[in-house]
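This report refers to the structure that appears directly beneath it.
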Amino acid sequence: MTVLFARLAPVLVVVTLAGCDRSTATSPSPVTSIPSSSSGPLRTAGSAVNKLVGAAVQAGLLSDASYRTVLDREFSAITTENDLKWANVEPVPGGFDFASADAIVGHASAFGMQVKGHTLLWHQQIPGWLDGLSPDALRQAVTDHIQGVVGHYRGRVRAWDVVNEALNDDGSWRDTVFWRGLGDSYVADAFRVAHAADPGALLFYNDYGAEGLGGKADRVYALVRDLKAAGVPIDGVGLQMHISAAGRPSDASIGANMRRLADLGLLVTISEMDVQLAGVGGTQAERLDAQRAAYHSVVALCVAEPRCDGVTFWGFTDAHTWLAPDLPLLFDVQYQPKPAYSGVLDALSGR
Ligand code: G3I
């Protein structure tokens, strides 16, 4: 069976020569059609400044009425937290299980929310059958996976985290099954296959620890700069923003990093924000206020950056967070808004 990557390359050359080079194409406007009818304060404030306000969602939580009430009231975008990770959506070769992700996409559609599919290639939550494949077999598996998943949601998912966390903290290539088997070019090839599967979807590179200027951020910048220069169909960078109220990159550093990425013609998105309280001293009120200030600062930076398309929080209630028992999110375990919520609303409202 011919490997699509090899098959695709000649087609890509033709397509690129035909003027599909994204580096000259005008990127889609950062945010499309946030329904003005949305009711909640966050959605409304975000819509007023053309920013998506998103939350990572797990399908299993949609059966919880309290969860749905806050999600549907406050958020204009959803990122699939786990339901589209490879091990969950293609547990056996060619055996796709879209049921849970379909529930998320269907819910988002019913409530006018944009969807970001997370994530096509990541070194975690990958199925065991990928181990030991030959390079050709791995290329085919990657091609089939991306085509299968992106193709299934063609026209229904606004954006994809095509490759997640390909770099180590020191900026070197992460030693993943994809890098070992396919080499440095696996990133570019993944974007090309995803674009072919849904030319209308926005394609992002997503990573953590690259929010403010510095070693890893410089490496992410170089990676996406080179992808753009090569005509690879990349549209944006996700800055995960898993930070702490005890210490984080400065506003100036984050703002400058966002701006230089935007100057490449890319969108920037805050893709997985949460603000840990661990290590923050003082009374609980003081700690929660420090968290509020961190949320306010980062969201204000996105509002100020025209090519920042929005902020997605990695969950929205402390009842469901990967950081438990920390309390990193906007709503408490009883779904009541915390000072962090006010920080986000104030930033979206220009206060
Ligand atoms: O759903 C099963 C459940 O049936 C089972 O009983 C339980 C215990 O084994 O596991 C449950 O699955 C867990 C899943 O979260 C849902 O809770 C997985 O074991 C666990 O590994 C998974 O963790 C997720 C993690 O990525 C690894 O995929 C976190 O929820 C998720 O928040 C986290 O998100 C990542 C982003 O994808 C990438 N950026 C970093 C971020 C934080 O690590």
* To do: Could you state the angle between the C-alpha long axis of helix 65-74 and the longest principal axis of the C-alpha atoms of the chain, as a value from 0 to 90 degrees rounded to the nearest 10?
  => 90
* Once you have a ≥ b ≥ c as the square roots of the Cα gyration tensor eigenvalues for segment 61-116, tell me rounded if a/c is under 1.5, and otherwise prolate or oblate according to whether a/b is larger than b/c. => prolate
* Whole-number D in µm² s⁻¹ for segment 244-284, Kirkwood Cα-pair radius fed into Stokes-Einstein, 10 °C, 1.306 mPa s -> 130
* Asked: How large is ³J(HN,Hα), in whole Hz, for each residue of segment 142-156 in order, when computed from phi with the Karplus curve 6.51 cos²θ - 1.76 cosθ + 1.60 and θ = phi - 60°, using x for Gly and Pro?
  -> 5, 4, 4, 5, 5, 4, x, 6, 5, x, 4, 9, 3, x, 10
* Structure fact -> Stokes-Einstein D for segment 77-217 (20 °C, 1.002 mPa s, Kirkwood Rh from Cα pairs), in µm²/s, comes to 139
* Starting from the Cα of Ser109, step 7 Å toward the Cβ, then list every residue of segment 155-178 with an amide N under 18 Å from that point. => 155-160
* To do: For Lys228, list the lysines whose Cα falls under 23 Å from its own Cα; do not include residues on the same chain fewer than 8 positions away.
  => Lys116, Lys216
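Under the √(5λ) rule applied to the eigenvalues of the Cα gyration tensor, what semi-axes describe the equivalent ellipsoid of the chain? Give them in Å, descending. Could the numbers behind the result be given before it?
On the way: eigenvalues 206, 95, 79 Å².
Over the Cα atoms of the chain, the ellipsoid semi-axes are 32, 22, 20 Å.
If the only charges are +1 at each Lys and Arg Cβ and -1 at each Asp and Glu Cβ, what is the size of the charge dipole of segment 258-351 around the Cα centre, to the nearest 20 debye?
Details: 7 positive and 11 negative charges, 47 e Å.
So the dipole magnitude of segment 258-351 works out to roughly 220 debye.
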* Asked: How many nm is it between the label spots at Glu286 and Thr69, if each spot is 7 Å from the Cα in line with the beta carbon?
  -> 3.5
* Kindly provide the chymotrypsin sites (Phe, Trp or Tyr not before Pro) of segment 120-210 that DSSP labels as loop, not H, G, I, E or B, and whose Cβ sees at most 15 other Cβ atoms within 10 Å. => none
* Which residue, Gly212, Gly128, Gly231, tops the fluctuation ranking in a GNM of the chain built on C-alpha contacts under 10 Å? -> Gly128
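Starting from the Cα-Cα distance between Gln147 and Val92, subtract it from 0.36 nm times their residue separation and give me the gain in nm to one decimal.
Numbers: separation 55, 0.36 × 55 = 19.80 nm, distance 1.54 nm.
Additional length available on full extension: 18.3 nm.
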* **Fluctuation leader among Asp309, Asp251, Asp64 - the chain, Gaussian network, Cα springs under 10 angstrom** => Asp64
* Asked: In the neighborhood of Asp198, defined by Cβ-to-Cβ distances under 11 Å, what is the net charge if each Lys or Arg adds +1 and each Asp or Glu adds -1?
  -> +3
* **More than 23 Å apart - percent of Cα-Cα pairs taken over segment 139-222** => 27
* Evaluate segment 167-275: find the radius of gyration of its Cα atoms, find its Kirkwood radius, and give the ratio Rg to Rh. => 0.97
* Roughly how big is the chain's charge dipole about its Cα centre, with Cβ charges of +1 (Lys, Arg) and -1 (Asp, Glu), in debye to the nearest 20? -> 760
* Pick out, in residue order, every one of the chymotrypsin sites (Phe, Trp or Tyr not before Pro) in segment 322-351 that is DSSP loop and has at most 14 other C-beta atoms within 10 Å; say none if there are none. => Trp322
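Since every read-out is calculated from the coordinates, none of them should be taken as a lab result. All of these numbers come straight from a predicted model, not from anything done at the bench. A quick note on method: Cβ atoms are made from the backbone with ideal geometry, for glycine too, and the neighbour counts reach across all protein chains shown.
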